[in-house]
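Right, one structure below, let's go through it.
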């Protein structure tokens with residue numbers, strides 16, 4: 001097998017790898033882009049795009065059931081999961097197809113569908129999906145191979161038809177009783193979604209609160225919203241065993257913190273207990289690339305591994321596993337490798353939104369993080385029941401919270417649990433990017449009645 005030499009090789013056509021491959025090609029570097037399955041990565045195929053499409057369907061069902069609250073009367077709400085699923089598939093295929101066509105139309109990029117593994121620091125062996133094989137090499141290799149759903153150590157898990165965050169979106173029916181292992185973003189988004197579709201839902205969370213990285217007040221408010229929606233939450237609990245019952249149900253043993261055990265019967269089981277990096281498929285030792293004990297590839301602030309000329313982007317390098325972080329990783333390497341810049345991840349703000357309803361938007365430091373750092377902070381807080389626009393549309397669950405440096409008046413972080421919480425958070429992030437003092441938002445003139453104008457009242461609370 002002859003070796004084909006490229007100027008650059010990108011492993012994975014995700015939200016960082018695809019754009020970087022085309023950018024390198026446009027800069028005159030012959031580039032190979034190796035993709036194991038689908039262009040677009042987790043976001044387009046199994047993550048953001050399909051899940052938020054289905055969340056939208058679930059919200060419509062929720063609003064339809066609440067229609068009488070607004071003086072609108074409708075008939076019984078029923079869910080056609082086949083249509084929900086087809087709508088999701090169509091949007092995914094549109095996004096994926098558009099990305100693939102853009103890559104294939106770019107001169108200088110060879111898109112290879114197959115699995116890549118290192119044969120050396122500059123060499124990759126590619127097992128092509130069509131059955132062939134190629135050996136390719138380059139002095140510049142970028143790893144954007146992503147992560148996959150983790151499977152926790154639960155006795156009997158291999159003997160039951162469990163679901164993960166990918167397979168659950170292919171269900172053709174609404175589960176009668178969905179058991180969810182994991183109270184993080186994925187577990188809560190799917191839990192609330194299927195509750196709104198009509199399922200009974202039980203969420204089992206190992207820790208004492210949902211959304212472990214959030215402040216206690218935020219996590220408690222999210223838990224209250226989930227309970228209001230009829231979701232059973234079992235906190236400080238673990239699932240040591242699972243089995244198939246005689247009637248076909250899934251029998252999940254749940255152990256509480258005090259050691260007491262109970263068996264819960266469900267129709268479906270969703271395992272949403274984290275993600276595992278795909279580094280174990282790459283034969284990293286052949287290239288000498290270091291990974292941590294969890295398999296995440298170690299990188300510098302400029303995203304370079306310990307091996308010169310090999311970089312890692314996106315979820316596979318650990319840290320925040322968000323699409324927008326992967327895309328910013330691409331921008332950093334584009335700046336450094338093509339434009340001669342010196343970009344890095346240092347002091348990068350990490351915003352994110354949990355697409356429960358109402359949304360939770362977060363950026364910057366949490367209150368717990370700020371106090372752990374010994375910072376002198378002031379906390380601005382406003383319940384959504386005090387937001388005029390939220391009252392007008394009858395969406396008043398949640399609250400806004402912002403942290404302000406007591407000495408500089410700079411906004412250090414924010415959590416917005418409320419209607420369009422991600423959008424309000426983004427307005428706060430813009431102020432943080434521009435280093436505006438909180439007083440600029442306190443005194444700003446915003447259109448009325450909008451959600452943004454609530455920032456006036458949020459920061460006026462600091463002066464009362």
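So the values come out like this:
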item: Residue selected from the range 391-417 under the condition outside any strand (DSSP E or B) and over 26 Å from the mean Cα position of the chain (by Cα), by the criterion surrounded by the most Cβ atoms within 10 Å (Cβ to Cβ); result: 409
item: Among (1) farther than 24 Å from residue 316 by Cβ; (2) modelled with pLDDT under 95; (3) crowded, with 19+ Cβ neighbours inside 10 Å, the one test that residue 84 misses; result: (2)
item: In the range 225-247, the residues that are over 20 Å from residue 199 (Cβ atoms) and touching a strand residue (DSSP E or B) at 6+ places or on another chain (Cβ under 8 Å); result: 236, 238, 240, 241, 243
item: Residue among 320, 308 that is surrounded by fewer than 16 Cβ atoms within 10 Å (Cβ to Cβ) and modelled with pLDDT of 95 or more; result: 308
item: Options 26, 101, 36: the member that is free of Cβ contacts under 8 Å to residues at least 40 places away in the same chain and either surrounded by fewer than 21 Cβ atoms within 10 Å (Cβ to Cβ) or under 23 Å from residue 326 (Cα atoms) (or both); result: 101
item: Unique residue being touching a helix residue (DSSP H, G or I) at 6+ places or on another chain (Cβ under 7 Å) and closer than 25 Å to residue 185 by Cα when the list is 415, 431; result: 415
item: Conditions (1) surrounded by fewer than 23 Cβ atoms within 10 Å (Cβ to Cβ); (2) under 28 Å from residue 70 (Cα atoms); (3) under 18 Å from the mean Cα position of the chain (by Cα); number of the one not met by residue 383; result: (3)
item: Test: residue 279 is farther than 30 Å from residue 200 by Cα, buried (at least 16 other Cβ atoms within 10 Å of the Cβ) and in contact (Cβ under 8 Å) with a residue 60 or more places away in the chain; result: yes
item: Qualifying residue in the range 451-462 (condition: in a strand (DSSP E or B) and under 25 Å from the mean Cα position of the chain (by Cα)); result: no
item: Condition check for residue 335: buried (at least 22 other Cβ atoms within 10 Å of the Cβ) and either within 19 Å of residue 433 (Cβ to Cβ) or at pLDDT below 95 (or both); result: no
item: Of all residues making up the range 311-326, the number that are in contact with a helix residue (DSSP H, G or I) (Cβ under 7 Å, 6 or more places away or on another chain) and closer than 14 Å to residue 20 by Cα; result: 4
item: Single residue of 461, 390, 452 found to be closer than 30 Å to residue 69 by Cβ, in contact (Cβ under 8 Å) with a residue 12 or more places away in the chain and in contact with a strand residue (DSSP E or B) (Cβ under 6 Å, 6 or more places away or on another chain); result: 461
item: Failed criterion for residue 423 (all others in (1) in contact (Cβ under 8 Å) with a residue 40 or more places away in the chain; (2) in contact with a strand residue (DSSP E or B) (Cβ under 7 Å, 6 or more places away or on another chain); (3) surrounded by fewer than 17 Cβ atoms within 10 Å (Cβ to Cβ) hold); result: (2)
item: Check on residue 109, touching a helix residue (DSSP H, G or I) at 6+ places or on another chain (Cβ under 7 Å) and closer than 30 Å to residue 7 by Cβ; result: yes
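Rundown of residues vs (1) surrounded by 20 or more Cβ atoms within 10 Å (Cβ to Cβ); (2) over 19 Å from the mean Cα position of the chain (by Cα); (3) modelled with pLDDT under 95, yes/no style:
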| site | (1), (2), (3) |
| --- | --- |
| 196 | yes, yes, no |
| 214 | yes, no, no |
| 218 | yes, no, no |
| 224 | no, yes, no |
| 235 | no, yes, no |
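Rundown of residues vs (1) crowded, with 17+ Cβ neighbours inside 10 Å; (2) farther than 20 Å from residue 285 by Cβ; (3) out of contact with any helix residue (DSSP H, G or I) (no Cβ under 6 Å at 6 or more places or on another chain), yes/no style:
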{"residue": "128", "(1), (2), (3)": "no, yes, yes"}
{"residue": "136", "(1), (2), (3)": "yes, no, yes"}
{"residue": "158", "(1), (2), (3)": "no, yes, yes"}
{"residue": "161", "(1), (2), (3)": "no, yes, yes"}
{"residue": "165", "(1), (2), (3)": "yes, yes, no"}
{"residue": "173", "(1), (2), (3)": "no, yes, no"}
{"residue": "178", "(1), (2), (3)": "yes, yes, no"}
{"residue": "184", "(1), (2), (3)": "yes, yes, yes"}
{"residue": "187", "(1), (2), (3)": "yes, yes, yes"}
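The values are calculated or read from the model by the stated rules, or taken from the named source; none is laboratory data. This structure is a prediction, so every number in the text was calculated from the model and none was measured. Please note: Cβ atoms are built from the backbone with ideal geometry, for glycine as well, and neighbour counts cover all protein chains shown.
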